[in-house]
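Trainee: Dumping the structure here so I can ask a few things about it.
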Amino acid sequence: MPTAKEIRQEFIDYFVKEHGHTFVPSSSVVPVDDPTLLFTNAGMNQFKDVFLGTGSRPYRRAVNSQKCIRVSGKHNDLEEVGRDTYHHTFFEMLGNWSFGDYYKAEAITWAWDLLTRVWGIDKSRLHATVFAGDEKEGLEADEEAYRLWLELTDIDPNHVHRFGKKDNFWMMGETGPCGPCTEIHIDRTPDKSGRPLINRGDPRVIEIWNLVFIQYNRDETGHLHLLPAKHVDTGMGFERITAILQGKESNYDTDIFAPLIAALADLTGKRYRGSLTDLVDIGFRVIVDHIRMLTFAITDGALPGNKGRGSVVRGILRRAMRFGWEAFGLREPFLYRLVPVVVEHMGEAFPELRHQPLRVQEIVRREEEDFLRTIERGLRYFAQAVQRAQPISPERLATGEVPEGVRGMISGRDLFELHTTYGFPPDMTRQMARERGLLVDETEYTRLLAEHEEKSRGQPTAQQVALQVSGSLPPTDDRAKWFGLTGQGTVLGWIEDNRFVTTGRLEMRGEDAPLVGLVLDRTCFYAESGGQIGDRGYITTSTGTFEVGDTQQLGQTVVHLGTVTAGYLAPGQLARLQVDLIREFTRKNHTATHLLHWALRQVLGEHVEQRGSKVKPDGFTFDFSHTGPLRPEERFRVAELVNERIYQDLPVTWRELPIEQARKLPGVRAFFGDKYGEIVRVVEIGDGFSREFCGGTHVDHTGQIGPFVILSEEGLGKGVRRLTCATARQAVLAIQHQERLLSQLSGRLRCAPDELPQRLEALQEELKRLQQQLRRAASTDLQAAADRLFQEAEQCGGAKIIVGEVPAAPEEQMRQQVDRLRQKAGSAVVVLGWTDNGRVQLLAALTEDLVKRGLHAGQLLRQVAQVVGGGGGGKPHFAVAGGKDPSKLSDALQLARQLAQRQLATHQPT
């Protein structure tokens, strides 16, 4: 039986060695420069520019095994994952491509040859489908493919079938490249009677390979035009073909998943039996599937979060945890323990997994710890929501839209509470509801979510109040903002009392008068956007002066917020504009954010993405995705890289391009979720090492920025960090401040500044010595208490029951004492409890003979922990737990003694 590794390599070698293809490594599951996709979902994604005619490759034939994630959109089969044998969130797509080289004859011949000659699949079980045409679309049937199947292969002629557009015509999107496809299906019914089941979603007759013939381009009117070059794009699910070649009914029975299933069995003490209805078996499949998706997604830079792909990653992780909780009773982090299994068994095919596996583990573990704080309360709330569910109204039942078997509806408010208070992803709650025959009131949920988001924006500021105007406003030409601090424009009117005024005079008011929004036809003022604050300055006409305190954008209109400080202004007047010189410092800081973004990705990795910024004259903040604080050496290296680029005095340039053309620029940063127009501005530094979509103002050369320093770092939430930085004069002031602190510190420690590291190291060694003395004292006290408990232990059922309270000590010392007590007793139940920092800690252990008799430390301790208001558990031999009520510790230990007596009496030695 071939291994999965051999199957993957045989596919690649067949096309490389026998048919002259170039092996192309898998691209990241996080699409590069394609904001239209959350995740890479097909092998063709990395070649999309070739199909669109906007890019090229140095080869015309390609083959690879592409990492894919399908969890959203038309490919969203998340509900099925774990409940059948073949749906997955993460999978590999084996594929071969022709870019204007070979076409249908070769693709069909080679596919048949590989399946039947190389892999030896029974020809009588294979069926091919071809495009039957579509009169409505004016698409002809693919008679060529039908003929080639009969002429070039020895397939049974009765096994070539015609299907319509839904099954056998492939489209990249509403517009763009498209063409007919031919699919190869395998009949796995015992008597080969599966012909009627083709394309019916039956697991006994499944598609194994799709050969797409890209020959048309669909324009915006829907018309099809023949492409100048025809391409081939094929895809075959690796997990599916492996199951077939290994003779397995389920993908989960292959050696792709076997190591993960074995590892999860060791963690849980449960056995996988392959049932499609048993909760434990469903849990096995869900967890081993999801941990593969999580490991690959996080490795490639998709970190758990609340928006975009981050919310998908977090949702998948929490879905896996939910099955761990419900199917296996797991009450502590466990997913992170499976990450090394994924890395070990897939790291050879995908070496990027081996780069930072500990970082991936840490991210998963932290996410698990976060969700464990709310999952139990959330499940209780969900159970109450189920009890509150209302029957489906007769009117809605009459529409026929309610699925069969649905008996009620959970309120939208309950879905909202589970989402916002308990962290339950809405999709997870919906699935839990469906499992119980319930729907969710989506209308109420959508309304509550919209209200919540509106409240989250806060009350409007004075500036925002000035912008609350109904009706249309004239657009402003603000291109001059990129070229200087002065300009001219014509006064068109002003916003006042929620009205756009275009007649009369705008005169001086009292000091407490509200701000007014002045509108001109042209301006050189920068309106706040992209993290850069709005400009300040003065607008002067022949009759008056208007002081601008802020500049904001309202649609296509630039609004200058401020007051008249002299005379008056009137519509139609020519105005002179002067932006405050302080904007020069803002320009320096904005260019520095681009350099910082580049440097962070160089030092920390490609997972870093900008999450926000605030660019002001006196400095800036920069928010970015990362799992934890920067190490000192990382922070130093980031600042060093930024300053190196500044000192090189590199040119800073920009250009405006159509968005599709801009996205194809190498290394351009286009942020998923941002909204861009048809034309975008791209800011480049140097030779293009930094290239971003940006509408802000920048220096002409990096040397104009001056020195750069990182002032501070903080965490903003899960997976998001913030750096506060300064440049130019503010950076010099910060450096001087640090020098003063250094001088004060060296004075306190009575050493020269360059001797501070050695002095601090000496102090740390002294502290370590004192701590060791404390640990030795604690160890002595702990051993004395353990010896006392051993002497007081009662004998029951041929074993000692050693239960009692001990003084707090490090966990390692506790484990040593437990091992000592078990060894000394020979046969014993050991339960120790202690208080530490206001919390209860519990530990239980059994000797091997008692485990064989059927006793279980984890089950025993789980009941004991409930007495002190906590939870926990573990394996049969050893378990730990915690609680929050120290006053109940003696009661808990008494229960432990009683449970041990009961279990020893029940499970007598044989």
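Trainee: Taking segment 658-784 as the region of interest, what is the percent of Cα-Cα pairs per 5 angstrom bin, listed from the shortest bin to the one with the maximum distance?
Mentor: 2, 8, 9, 9, 11, 12, 11, 8, 7, 7, 6, 5, 3, 2, 1, 0
Trainee: Let me ask something additional. Kindly provide log₁₀ I(q)/I(0) values, in the same order as q = 0.17, 0.25, 0.29 Å⁻¹, from the Debye equation applied to equal alpha-carbon scatterers of segment 792-846.
Mentor: Values, matching the q order: -0.52, -0.97, -1.19.
Trainee: Choose one of Ile410, Gln738, Ala145: the residue whose Cα lies farthest towards the positive end of the charge dipole of the chain (beta-carbon charges +1 Lys, Arg; -1 Asp, Glu; about the Cα centre).
Mentor: Sorting the options by dipole projection puts first Gln738.
Trainee: Let me know the charge dipole size of segment 4-253 about its Cα centre in debye, to the nearest 20, where only the beta-carbon of Lys, Arg (+1) and Asp, Glu (-1) is charged.
Mentor: Here segment 4-253 has a charge dipole of around 320 debye.
Trainee: Something else now. Using the per-residue mean of other Cβ atoms lying within 10 Å as a proxy for protection, in what order, highest first, do the peptides 147-156, 752-761 fall?
Mentor: So the peptides 147-156, 752-761, ranked by packing, come out 147-156, 752-761.
Trainee: When N is the residue count of segment 793-906, what does its C-alpha Rg come to as a fraction of 2.2 N^0.38 Å?
Mentor: 0.95
Trainee: What number results when the radius of gyration of the chain, computed over Cα atoms, is divided by 2.2 N^0.38 Å?
Mentor: Relative to the rule-of-thumb radius for its length, the chain sits at 1.15.
Trainee: Computed from the mean reciprocal separation of all distinct C-alpha pairs, what Kirkwood hydrodynamic radius does segment 596-690 have, in Å?
Mentor: It is 15.0 Å.
Trainee: So if I restrict to the alpha-carbon atoms in segment 462-581, what is the Rg, and what is Dmax, the biggest pairwise distance, in Å?
Mentor: Rg, Dmax (Cα atoms, Å): 12.7, 36.
Trainee: Okay, helix-only estimate at 222 nm for the chain: each DSSP H run of n ≥ 4 adds -39500 (n - 2.57), divide by all residues, round to 500 deg cm²/dmol; what do you get?
Mentor: Only helices count here, giving -12000 deg cm²/dmol.
Trainee: Sort largest first and round to whole Å: the equivalent ellipsoid semi-axes of segment 152-263, each the square root of five times a Cα gyration tensor eigenvalue.
Mentor: Sorted largest first and rounded, they come to 32, 19, 12 Å.
Trainee: Just to be sure I understand the curve: with the Debye formula and one point per C-alpha of segment 593-752, what is log10 I(q)/I(0) at q = 0.10, 0.13, 0.15, 0.20 Å⁻¹?
Mentor: The computed values of log10 I(q)/I(0) come out as -0.41, -0.67, -0.87, -1.41.
Trainee: Pairwise over distinct Cα atoms, reciprocal of the mean inverse distance: report the Kirkwood radius of segment 302-356 in Å, one decimal place.
Mentor: 12.7
Trainee: Among 564-572, 98-106, 123-131, 314-322, how do they line up from the highest to the lowest mean number of other beta-carbon atoms within 10 Å?
Mentor: Result, highest mean Cβ count within 10 Å first: 314-322, 123-131, 98-106, 564-572.
Trainee: Specify the inter-centroid distance of segment 528-557 and segment 402-437, based on alpha-carbon positions, in whole Å.
Mentor: 48
Trainee: Using alpha-carbon positions, what is the distance between the centroids of segment 231-281 and segment 591-659, in Å?
Mentor: Rounded to whole Å, the Cα centres lie 43 Å apart.
Trainee: Continuing with this model, one more query. Debye sum, Cα scatterers, segment 327-393, no solvent: what log₁₀ I/I(0) at q = 0.12, 0.15, 0.19 1/Å?
Mentor: Calculated log10 I(q)/I(0) at the listed q: -0.50, -0.64, -0.80.
Trainee: Continuing with this model, one more query. Compute the orientation-averaged projected area for segment 722-877 from the convex hull of its Cα atoms and round it to one decimal in nm².
Mentor: Seen from a random direction, the Cα hull of segment 722-877 projects 14.9 nm² on average.
Trainee: Can you give the Rg to Rh ratio of segment 4-253, both from alpha-carbon atoms, with Rh computed by the Kirkwood formula?
Mentor: Reported Rg/Rh, Kirkwood definition of Rh: 0.93.
Trainee: Continuing with this model, one more query. Is there a quick way to get the dipole size of segment 793-906? I mean about its Cα centre, with the Cβ of Lys and Arg at +1 and of Asp and Glu at -1; what is the value in debye to the nearest 20?
Mentor: The dipole magnitude comes to about 260 debye.
Trainee: Related question: Once Rh is set to the Kirkwood radius over Cα pairs, what Stokes-Einstein translational diffusion coefficient, in µm²/s, holds for segment 199-338 at a temperature of 4 °C and a viscosity of 1.567 mPa s?
Mentor: 72
Trainee: Could you rank the peptides 842-854, 348-360 by their average count of other C-beta atoms within 10 Å per residue, with the highest value first?
Mentor: With the highest mean Cβ count within 10 Å placed first, the list reads 842-854, 348-360.
Trainee: So which of Lys270/Lys800; Lys17/Lys104; Lys136/Lys192; Lys307/Lys614 end up more than 25 Å apart, counting from Cα to Cα?
Mentor: Lys270/Lys800; Lys136/Lys192
Trainee: Dipole of the chain (Lys/Arg Cβ +1, Asp/Glu Cβ -1, origin at the Cα centre): which of Leu114, Thr443, Pro810 lies farthest to the positive side?
Mentor: Positive-end residue among those listed: Pro810.
Trainee: Dipole magnitude of the chain about its Cα centre, charges +1 at Lys/Arg Cβ and -1 at Asp/Glu Cβ only, in debye to the nearest 20?
Mentor: That gives the chain a dipole magnitude of about 2320 debye.
Trainee: Can you tell me the Rg and Dmax of segment 698-742, counting just the alpha carbons, in angstroms?
Mentor: Rg and Dmax of segment 698-742, Cα atoms, are 13.3, 36 Å.
Trainee: Relative to 2.2 N^0.38 Å, what does the C-alpha radius of gyration of segment 259-373 come to as a ratio? Two decimals please.
Mentor: So the Cα radius of gyration is 1.01 times the expected 2.2 N^0.38 Å.
Any read-out appearing in this document is the output of simple, stated calculations on the displayed coordinates, not a laboratory observation. It should be emphasised that the depicted structure is a prediction, and the values quoted were computed from it without experimental measurement. We place every Cβ from the backbone using ideal geometry, glycine too, and count neighbours over all the protein chains shown.
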